[in-house]
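Chemist: Here it is: the structure, laid out below.
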């Protein structure tokens, strides 16, 4: 999925704001190299305020100039979990690759691979973060029995992007329209779910499938 289209449909942003050449140059000086996929993301979205109103915190050059704790990391932090429990990072040894893998870091140490590439991570993470700020949603998490998941899988389109091992969950995404979304979080075959849409019409269309599925937590 083209990231501009995703951000337009799920965040309502037609004209994203990107980082300046000076900000990019400062980050290249700091790290020696920045993956092309990260640089492209920053140049397009690095100062888009709507992306900083989500569940977790994107780490753009602006944040690197403010937050001293980022200096401790042996890698490039892309996303910080809202309570600081873990971070999505590119390892320092991978920074010269154009589209390197992304790992979950805990206490400045690489753990499981979240995504095989920055490009795939960005799509999955933008999907995940969007569901927390969609205009129409039940505003609660659901436990999802396996038979209800099978209904979702049969009736909605699955996005190819996946977040693996984010807060120990594997996170997958489904939708019936570009501006609605179902997020399914799998922890050893125990499923949780949340969903929403950017407008009422799309939300009602999603409810044609989702109504009655899952149990509120």
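What follows draws every value from the coordinates through simple rules; no lab data is involved. It should be emphasised that the depicted structure is a prediction, and the values quoted were computed from it without experimental measurement. Cβ sites come from the backbone with ideal geometry, for glycine too, and all protein chains shown count toward neighbours.
Chemist: Return a yes/no flag: does segment 172-184 have any residue that is surrounded by fewer than 19 Cβ atoms within 10 Å (Cβ to Cβ) and under 21 Å from residue 86 (Cα atoms).
Modeler: Checking segment 172-184: not a single residue is surrounded by fewer than 19 Cβ atoms within 10 Å (Cβ to Cβ) and under 21 Å from residue 86 (Cα atoms).
Chemist: Still on this structure, I have one more. Answer yes or no: is there a residue in segment 146-162 that is over 16 Å from residue 124 (Cα atoms), free of Cβ contacts under 8 Å to residues at least 40 places away in the same chain, crowded, with 17+ Cβ neighbours inside 10 Å and in contact with a strand residue (DSSP E or B) (Cβ under 9 Å, 6 or more places away or on another chain).
Modeler: Within segment 146-162, none of the residues are over 16 Å from residue 124 (Cα atoms), free of Cβ contacts under 8 Å to residues at least 40 places away in the same chain, crowded, with 17+ Cβ neighbours inside 10 Å and in contact with a strand residue (DSSP E or B) (Cβ under 9 Å, 6 or more places away or on another chain).
Chemist: Given the criteria under 19 Å from the mean Cα position of the chain (by Cα), loosely packed, with under 14 Cβ neighbours inside 10 Å and closer than 16 Å to residue 198 by Cβ, does residue 139 qualify?
Modeler: Taking the combined requirement at face value, the residue satisfies it.
Chemist: Report, by residue number, each residue of segment 196-217 that is more than 21 Å from the chain's Cα centre (by Cα) and assigned to a strand (DSSP E or B).
Modeler: 215, 216
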